[in-house]
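Working notes, beginning with the structure itself.
The values are calculated or read from the model by the stated rules, or taken from the named source; none is laboratory data. Because the structure is a prediction, the values reported are computed rather than measured. All Cβ positions, even for glycine, are placed from backbone atoms using ideal geometry, and neighbour counts span all protein chains on display. Accessible surface is based on the protein model in full, side chains and every heavy atom, while ligands, DNA and RNA are left aside. Shrake-Rupley method; radii C 1.70, N 1.55, O 1.52, S 1.80 Å.
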Amino acid sequence: MTPYLHSTRPVRIPVPGGKLIEEHIGRVANGTEALSVAHMVAPPGWSEPAQRPTFAELTIMLRGTMHIECNDSVVQLRPGETFLVQPNVRVRYGNPSNEDCEYWAVCLPAFAPAAAQREG
């Protein structure tokens, strides 16, 4: 096993709602289960169902605004800000603005659809 991983091209993951996901490191891109790193662009009005993931997720905002509902709190995440959600916490992400929001997501361990435990 090599002591490093050099990712030269992200893998685009199709999702409904017009959101762009480009995974650089993770289960889909290269079989990495320890963590995933993905570049995301969410269109205006995008949102996803609430979830209670079994992984921690770090969001790093680049542009736009991300609306995050976490348990009983609501956070407006803006460029230059970060947000870390611990595993097994109910969270819902959305973009209520009229412009795209762009961000990086890091999940520990790596994102998997079943591990997101989305509602509905």
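Quick grid of which residues meet (1) of a type outside the set (A, V, I, L, M); (2) under 16 Å from W104 (Cα atoms); (3) in contact with a strand residue (DSSP E or B) (Cβ under 8 Å, 6 or more places away or on another chain):
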| residue | (1), (2), (3) |
| --- | --- |
| L20 | no, yes, yes |
| H24 | yes, yes, yes |
| A34 | no, no, yes |
| M40 | no, yes, yes |
| R52 | yes, no, yes |
| A56 | no, yes, yes |
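Residues to consider are A29, A34, A38; find the one that is of a type in the set (G, A, S) and touching a Leu at 6+ places or on another chain (Cβ under 9 Å).
Only one candidate qualifies: A34.
Of everything in the range 49-61, what is among the charged types (D, E, K, R) and buried (at least 17 other Cβ atoms within 10 Å of the Cβ)? Give them in sequence order.
Of everything in the range 49-61, just one residue is among the charged types (D, E, K, R) and buried (at least 17 other Cβ atoms within 10 Å of the Cβ), namely E57.
List the residue pairs whose Cβ atoms are under 9 Å apart, where the first residue sits in the range 7-21 and is without any contact (Cβ under 8 Å) to a residue 60 or more places away in the chain and surrounded by 14 or more Cβ atoms within 10 Å (Cβ to Cβ), the second is basic (K, R) and outside any helix (DSSP H, G or I), and the two are 6 or more positions apart or on different chains.
As it stands, the answer is L20/R12; I21/R12, since those pairs meet every condition given.
Name the residues in the range 81-120 that are farther than 18 Å from C70 by Cα, in contact with a Pro (Cβ under 8 Å, 6 or more places away or on another chain) and open to solvent by 80 Å² or more (accessible area, probe 1.4 Å), would you?
N98, E99
Quick check on G64: is it of a type in the set (G, A, S), over 21 Å from A115 (Cα atoms) and open to solvent by 60 Å² or more (accessible area, probe 1.4 Å)?
no
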